Amino acid sequence: MSGVDSGRVVVTGGAGFVGSHVCERLTRSGIPVSCVDNLVTGTRRNIAHLEGGSGFEFIEGDVSSSGTLREISGPVGAVLHLACPASPIDYLRLPLETLEAGSSGTRNALELARRWNARFVLASTSEVYGDPLVHPQPEEYWGNVNPVGPRSVYDESKRYAEALVAAYRRTYGLNTGIVRIFNTYGPRMRAGDGRVVPTFIRQALAGEPLTVAGDGSQTRSLTYVDDTVDGVLAMAARGPAGPVNIGSSEETTVLELAQRIIGLTGSASVIEFVDRPVDDPGRRRPDTSVAREELGWRPRVDCAEGLKRTVEWFSRSSALESPE
Ligand code: NAD
Ligand code: UDP
């Protein structure tokens with residue numbers, strides 16, 4: 001027996017943006033959680049409200065080191081592997097650590113799941129499709145990734161992680177699942193993490209120009225964090241191997257997003273066009289048929305509501321005081 005209902009759930013990367021929401025949701029459901037994080041891009045502030053509560057433990061450690069996950073006592077019902085730098089500015093400053101998180105980190109997390117015969121879920125990414133030549137992207141599309149470009153440290157790390165997970169399933173019969181998460185946003189993103197939503201909100205609230213890359217015609221399908229967490233937990237609870245796309249079907253250009261955030265914040269900020277990053281994907285939108293059919297998942301929070309909640313959170317929180 002394996003799954004979120006049959007023992008402790010280990011969440012690697014649980015002190016990060018998405019991971020902290022996963023830990024919170026599990027803890028609220030009365031499921032014991034071990035959160036493992038080396039705080040390289042996460043922060044203990046994200047889980048401060050969970051610490052000290054019954055059933056929640058924080059283990060500070062690097063999942064890429066072989067000893068860290070060996071310390072965990074069981075029984076473990078599920079391992080949700082989210083540990084990995086995820087924002088372009090983070091993985092570009094931590095290239096080797098990012099590759100390690102996908103390789104050794106994933107292998108160590110898989111071994112933990114194997115030891116306890118636990119369900120294993122990998123948080124993969126829409127970046128495995130690279131700069132896609134097929135639109136929208138179904139799971140069977142193999143992608144268009146530059147293997148030696150700067151983004152490859154993230155894209156190839158996740159592609160290798162997916163290959164490892166598939167090999168553990170084939171070789172050991174491990175109960176594994178892969179979710180490919182599309183651009184997720186919401187409360188607890190670092191104001192300075194460089195991703196588009198927190199950057200534009202920080203700039204708009206400060207009255208600074210919003211830095212739109214290129215002409216802003218590139219698209220993303222922005223997914224509110226509560227919907228992403230629903231997808232991760234549905235994957236943990238149900239049996240499919242995946243990969244399964246988890247992402248909104250509401251595709252927006254970066255320029256539209258900037259204008260929307262200026263409107264939502266009532267800011268007097270202007271738009272400044274800046275250089276486009278190397279290999280920046282041009283269009284991205286998931287085909288979510290598999291998520292709907294196999295997980296019963298669909299996004300519930302549209303962009304208007306999600307952005308409103310996120311702007312409110314940034315306006316209220318201390319995140320803007322030290323936007324590192
Ligand atoms: P994040 O940077 O906020 O969270 C990552 C967490 O992992 C951080 O707390 C960090 O300290 C921790 N971590 C990194 N390397 C580690 C290591 N070696 N050992 C232990 N902890 C480590 O990023 P996020 O947006 O919350 O992303 C979480 C996961 O979801 C990542 O695996 C990411 O690739 C995936 N994902 C996120 C998005 C998104 O839009 N947010 C999209 C696709 C995939
Ligand atoms: N982007 C932008 N201005 C910024 C930050 C990002 O125009 O200040 C663009 C970026 O070039 C990309 C899109 O927004 O086209 C999404 O970028 P993000 O880093 O959030 O996610 P990813 O590139 O991983 O999809």
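The values are calculated or read from the model by the stated rules, or taken from the named source; none is laboratory data. The model shown is predicted, which means the values in this text are computed figures rather than measured ones. Don't worry about glycine lacking a Cβ; one is built from the backbone with ideal geometry, like all the others, and counts go over all protein chains shown. Keep in mind that these areas ignore ligands, DNA and RNA; they rest on the heavy atoms of the full protein, side chains included. Shrake-Rupley method; radii C 1.70, N 1.55, O 1.52, S 1.80 Å.
Laid out as a table, the results:
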item	result
Antiparallel bridge percentage (DSSP; both residues within the chain; nearest 5)	10 percent
H81, H135, H49, reordered so the largest accessible area comes first (probe 1.4 Å)	H49, H135, H81
Euclidean distance between Cα centres, region 223-298 to region 76-95, Å	18 Å
Choice from G263, G19, G239 with maximal GNM fluctuation in the chain (Cα, 10 Å cutoff)	G263
Overall dimensions of region 226-322 by Cα: Rg and Dmax, Å	16.7, 49
Prolate/oblate/rounded call for region 252-292, Cα gyration tensor, a/c under 1.5 rounded	oblate
GluC sites (Glu not before Pro) restricted to DSSP loop in region 70-150 with at most 16 other C-beta within 10 Å	E140
With all protein chains modelled, accessible area of S6 [1.4 Å, Å²]	40 Å²
Chymotrypsin sites (Phe, Trp or Tyr not before Pro) within region 148-252, DSSP loop, no more than 14 other Cβ atoms inside 10 Å	none
Virtual spin-label span in nm between R44 and L133, 7 Å along Cα→Cβ	4.9 nm
Furthest towards positive pole of dipole, N146, P243, W116, structure part the chain, Cβ charges	W116
Efficiency of FRET from Cβ geometry, F273 and Y172, R₀ 41 Å, rounded to 0.05	0.20
Point-to-point label distance, E293-R309, nm (Cα→Cβ direction, 7 Å offset)	2.9 nm
Among D215, D37, D193, residue whose mean-square fluctuation peaks in a GNM of the chain (springs only between Cα atoms under 10 Å)	D215
Cα-centre dipole for region 234-324 with unit charges at Cβ (Lys and Arg positive, Asp and Glu negative), debye to 20	380 debye
Candidates G173, G77, G194: whichever shows maximal mean-square fluctuation once the chain is modelled as a Gaussian network with Cα springs under 10 Å	G173
Positive-end extreme of charge dipole, the chain - chosen from G13, G53, G282 (charges on Cβ)	G53
Overall form of region 40-116 per C-alpha gyration tensor (a/c, 1.5; a/b vs b/c)	oblate
Of all accessible heavy-atom area on the chain, the percent that carbon and sulfur account for (1.4 Å)	49 percent
In degrees, nearest ten, helix 254-265 long axis to first principal axis of the chain (Cα)	80 degrees
Whole-number accessible area per residue in Å² for region 203-301, which is evaluated in the context of all protein chains at 1.4 Å	42 Å²
Region 93-193 - Rg and Dmax from Cα coordinates, angstrom	14.5, 42
Cα gyration tensor shape of the chain, rounded if a/c is under 1.5, else prolate or oblate by comparing a/b with b/c	prolate
Within-15-Å neighbourhood charge of P187 [Cβ basis; K, R +1; D, E -1]	+3
